[in-house]
Structure formats: structure tokens, C-alpha cells
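Reviewing the structure listed below.
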Amino acid sequence: KDIFMGFMAKSNKYKGDITFSFFNKINKKIKPNLLAVSGFNSKIELIYKRIGYVCDFTHFYILNPKLKSKVSSKLISKKNDLPEQENLILKISNIITVLPSNKQHPKKSLMYFKNKYLKNPFYKYFVLNFYKKNELVFFFICKKVKINTLGTDIYRIVDFYGEIKQNYNIYNSILNLLINNNIEYIDCRCVEYNLKIMQNLGFNKKKGPQIIPDYFEPFIKKNINLKLCIFNNKYKNLLIFKGDGDQDRPNIL
């Protein structure tokens, strides 16, 4: 079993003991192949570092060079210098009828995607499907974020499923999608554990002074550090997105 959790100890006096006892009990009773938690403050991080491996979510993006940047700051529109790669066909849908083959972890089910995203009562998600000929090879779960105060929109990828090979390239498909729909940029946050695939696909990695906001309810134009702690892992090929766990949730209802 793979378990992602949102956990917070409320007691300042006992929070360390509570955390250790809680995760020890899960490991002993359930014995998960993967036990992880995302999104926690610096105080909890000190505890997590004693019992797990803490790392940062990497922020990736593709910028629309045809629009003036309002949400982001100092992003570059030039894609990475990629070798000749195989282009995939992009098709957008609001349904998922079949899952592609998948070698990454965590594993997910069709019911998971339908219940968490397609039936979500708060956000309207859509699916970016990528095909090689007529075969679905992978998809991204995506949502449109409207920033009314700035009069602009962005796309945010929150989840993924499928198999990504090194010779796949989606940069041009994504760029055309952004330009045709007047979208400032598309971004995603993920942890590529022993994998390096997002930049191969054509995404840029956020660096240094560049700003890609994370808070939109309300909108705050600054970078937010998002961390992951892995307590137990038996896999070599983890690909974890922000949607794994509870990080893509509404703050205003």
C-alpha cells in the first residue's frame, strides 16, 4: 500500500512523541511500501528530519511568450536545448475512461482520478492526454486558475499518470495550448525521485529570482516553499506531484 498523509500535532508539549508514535504504529500495523507527507512548516520539519527524508518539490513551467507576465516574474520563454525528439499528440478531455501503462509510483486507480478530480465539487479539472499514434501514453490532471485582480489566467498541473520516455517532447503542444487560450503560463510542482523527465518533456525549472506564486486564495505574488517527507519507501522510481496528498485543496469556500 502507498499512503500519503496530512498530519499535524496540536500539542506543543508532546508533538514530537505524538509524531513518532503515530508513524511507528502505521508502519507496524499497515506496513506500507510508501509512507509520505507533503506540506508542513519548519517546526514540524525538524521532527520529520529525525525519522524521514525531507526534500523540496521542484517547480517547473512553460511560459507563453505572447503575453505580458502579470502573475509570474522573470520567467524565460526559451525552452531547453533538446535533441530531436518524438512529438506526441495532445487531446483535451473532461473524462478518463482508461489508464495508460505506468511504471512509476505511487500507483493510482481510475476511481481515484474520477472521485478526486473529475467529480470535485470545488474545482473544475480537465485532462491533458498525450498519445503516441492512437495509444494513450500518459496524462496530466490540470486546472485553470483565474486571477481576476490581474485580468489573467494560468494553468496548473496537479497530478499525473502514465509512462514518460526520454524521447518524448510536449513543448510545442503545450506552447500552442497556452497561446491559443491566452494563458500566461503552465506550471507544476513535483518530486522526481531518481527520475529526470520534466525537463526532457520541455519544461523549464524555476531558478533563483524567478517568481511563480502558489497562493491564489487570496493571490499572493511570492514563492512558497513546498516540502515532502518520505518516511518509508520501497520504490526506486517515485514521481510525486502536488496533488498527491492534500495540497491541492481550497482555502476559501
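The values are calculated or read from the model by the stated rules, or taken from the named source; none is laboratory data. From a predicted model like this one, the values you see are computed outputs, not experimental measurements. Here the Cβ is made from the backbone with ideal geometry for all residues, glycine too, and neighbour counts use every protein chain on show. Heavy atoms of the whole protein, side chains included, go into the accessibility calculation; ligands, DNA and RNA do not. Shrake-Rupley method; radii C 1.70, N 1.55, O 1.52, S 1.80 Å.
A Cβ distance below 6 Å, combined with a sequence gap of six or more or placement on separate chains, defines the contacts here; from region 43-60, residues that are on the phi < 0 side of the Ramachandran plot reach residues that are hydroxyl-bearing (Ser, Thr, Tyr) in the pairs ILE47/THR19; VAL54/TYR48. Residues in region 109-132 that are open to solvent by 30 Å² or more (accessible area, probe 1.4 Å) and in contact (Cβ under 8 Å) with a residue 40 or more places away in the chain were compared, and the one that is nearest to ASN182 (Cα to Cα) is TYR123. For region 59-71, check the following and say yes or no: at least one residue is open to solvent by less than 40 Å² (accessible area, probe 1.4 Å) and modelled with pLDDT under 95. Taking every residue of region 59-71 in turn, none turns out to be open to solvent by less than 40 Å² (accessible area, probe 1.4 Å) and modelled with pLDDT under 95. Taking region 29-46 as the range and being of a type in the set (Asp, Glu) and either surrounded by fewer than 12 Cβ atoms within 10 Å (Cβ to Cβ) or more than 14 Å from PHE231 (Cα to Cα) (or both) as the test, no residue passes. Looking across region 167-207, the residues that are farther than 17 Å from ASN64 by Cα and free of Cβ contacts under 8 Å to residues at least 40 places away in the same chain come down to LYS196, LYS207. Can you pull out every residue in region 1-25 that is part of a helix (DSSP H, G or I), hydrophobic (A, V, I, L, M, F, W, C) and either at pLDDT 80 or above or surrounded by fewer than 18 Cβ atoms within 10 Å (Cβ to Cβ) (or both)? Scanning region 1-25 gives ILE18, PHE20, PHE22. Only one entry in LYS103, LYS49, LYS78 is of a type outside the set (A, V, I, L, M), outside any strand (DSSP E or B) and at pLDDT below 80, namely LYS78.
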